[in-house]
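Below is one structure, written out as structure tokens; the observations come after it.
The values are calculated or read from the model by the stated rules, or taken from the named source; none is laboratory data. Bear in mind the structure is a predicted one, so any value in this text is a computation, not a measurement. Because the Cβ atoms are built from the backbone with ideal geometry, glycine has one as well, and the counts that use them run over all protein chains shown.
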Amino acid sequence: MIHINHVYKRYHNHHGSDWVLRDIDLKIPKGVSVGLVGRNGAGKSTLLRLIGGMDTPDRGEIIRRCRVSWPIGLAGGFQGSMTGRQNCKFVARIHGSERSIADVIRFVEDFAEIGKAFDEPVRTYSSGMRSRLAFGLSLAFNFDVYLSDEATAVGDKLFREKATKAFKDKVGQASLIMVSHSEGILKDLCQAGIFLHEGHAHWFDSIDAAIKAYHESIGTKDKSAKPAPSAAPRPPASKPASAQSS
């Protein structure tokens, strides 16, 4: 179980520091895959980073009673001067795995499909290559919960299909907490949903219900605009004089 206990988060900048997340209080049950939905800027990636321990809340706490991955798709934790192979070796050493270090490296190299770049410095990678590396490295470890931030949108069609299958293969062994602009992916992989709106989080036992709430929030805002005035009805055309006299 993951308990998000009255969490607040904001980022300080010269424009001010409004709360991105306000008093988030949720319990995510064990074995339930959850989709995060909401507008751009609603705080989905922020919440995912907090759950993964890559960021800390300004108030409140997050209690993890399970092994949680880092957010797949947010590949900012690599050492840029080291190669992909060296980064994998380093993470395998400090993180620990049932697999040997050599097996971890072999798995990531095969899964990421970045060719010779695997032995080039990570700072030379494109964002897509970094995400592929992070995706493969996450799957090399047996986590109870995998976090995904648009990970299934990385790469070409074949790699996206491979990424989606990799998550499906984890069903029954682990659960997911994921952000995706593809509602089809969310419905395919998640049971429950969290709808983030104006800094607050709303839990739904059904991902369909969470997506519906998101669409309704958009519809409410769209309907606030004044409708264009309808044209006045035209009077019925008068009969021609010849018809009236007959």
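Does residue 90 qualify as being without any contact (Cβ under 8 Å) to a residue 12 or more places away in the chain, under 28 Å from residue 173 (Cβ atoms) and of a type in the set (A, V, I, L, M, F, W, C)?
Working: without any contact (Cβ under 8 Å) to a residue 12 or more places away in the chain: yes; under 28 Å from residue 173 (Cβ atoms): yes; of a type in the set (A, V, I, L, M, F, W, C): yes.
Here the answer is yes, as residue 90 does meet what is asked.
Of the candidates 132, 49, 65, the single residue that is closer than 25 Å to residue 177 by Cα and buried (at least 23 other Cβ atoms within 10 Å of the Cβ) is 132.
Considering each of 187, 165 in turn, give the residue that is out of contact with any strand residue (DSSP E or B) (no Cβ under 9 Å at 6 or more places or on another chain) and either aliphatic (A, V, I, L, M) or in a helix (DSSP H, G or I) (or both). Give the steps one after another, and end with the answer.
On the way: 187 fails: out of contact with any strand residue (DSSP E or B) (no Cβ under 9 Å at 6 or more places or on another chain).
After ruling out the rest, the residue left standing is 165.
Among the residues of region 3-19, the ones that are at pLDDT 95 or above and either hydrophobic (A, V, I, L, M, F, W, C) or surrounded by fewer than 19 Cβ atoms within 10 Å (Cβ to Cβ) (or both) come to 6 in all.
Condition test on residue 102, is it in contact (Cβ under 8 Å) with a residue 40 or more places away in the chain and either among the hydrophobic types (A, V, I, L, M, F, W, C) or within 24 Å of residue 149 (Cβ to Cβ) (or both)? Break it down stepwise before answering.
Values: in contact (Cβ under 8 Å) with a residue 40 or more places away in the chain: no; either among the hydrophobic types (A, V, I, L, M, F, W, C) or within 24 Å of residue 149 (Cβ to Cβ) (or both): yes.
Against the criterion (in contact (Cβ under 8 Å) with a residue 40 or more places away in the chain and either among the hydrophobic types (A, V, I, L, M, F, W, C) or within 24 Å of residue 149 (Cβ to Cβ) (or both)), residue 102 does not qualify.
Restricting the first member to region 143-157 and to residues that are closer than 16 Å to residue 44 by Cα, and the second to residues that are at pLDDT below 70, the beta-carbon pairs closer than 7 Å and six or more apart or on different chains are 148/73; 149/73; 149/74; 150/73; 151/73.
Applying the selection to region 1-37, what residues are in a loop (DSSP other than H, G, I, E, B) and under 22 Å from residue 170 (Cα atoms)?
Within region 1-37, the subset in a loop (DSSP other than H, G, I, E, B) is 1, 11-12, 14-15, 17-18, 29-33.
Passing the criteria: 1, 29, 30, 31, 32, 33.
When you scan region 187-202, do you find a residue that is on the phi > 0 side of the Ramachandran plot and exposed (fewer than 15 other Cβ atoms within 10 Å of the Cβ), even just one?
First pass over region 187-202, keeping only residues on the phi > 0 side of the Ramachandran plot: 198-199.
Subset that is exposed (fewer than 15 other Cβ atoms within 10 Å of the Cβ): 198.
Yes, region 187-202 contains a residue that is on the phi > 0 side of the Ramachandran plot and exposed (fewer than 15 other Cβ atoms within 10 Å of the Cβ).
Is there a residue in region 91-114 that is of a type outside the set (A, V, I, L, M, F, W, C) and touching an Asp or Glu at 6+ places or on another chain (Cβ under 7 Å)? Show your work before the answer.
Taking region 91-114 as the starting set, the residues that turn out to be of a type outside the set (A, V, I, L, M, F, W, C) are 93, 95-100, 103, 106, 109-110, 113.
If we keep only those that are touching an Asp or Glu at 6+ places or on another chain (Cβ under 7 Å) as well, we get none.
Within region 91-114 (the criterion being of a type outside the set (A, V, I, L, M, F, W, C) and touching an Asp or Glu at 6+ places or on another chain (Cβ under 7 Å)), the answer is no, since none of the residues qualifies.
For residues in region 94-112 being modelled with pLDDT under 90 and not small (Gly, Ala, Ser), which is surrounded by the most Cβ atoms within 10 Å (Cβ to Cβ)? The residue in question is 99.
Only residues that are charged (D, E, K, R), at pLDDT 85 or above and out of contact with any helix residue (DSSP H, G or I) (no Cβ under 9 Å at 6 or more places or on another chain) were counted across region 118-159, and they come to 2. Among the residues of region 36-86, the ones that are without any contact (Cβ under 8 Å) to a residue 40 or more places away in the chain and of a type in the set (A, V, I, L, M, F, W, C) come to 1 in all.
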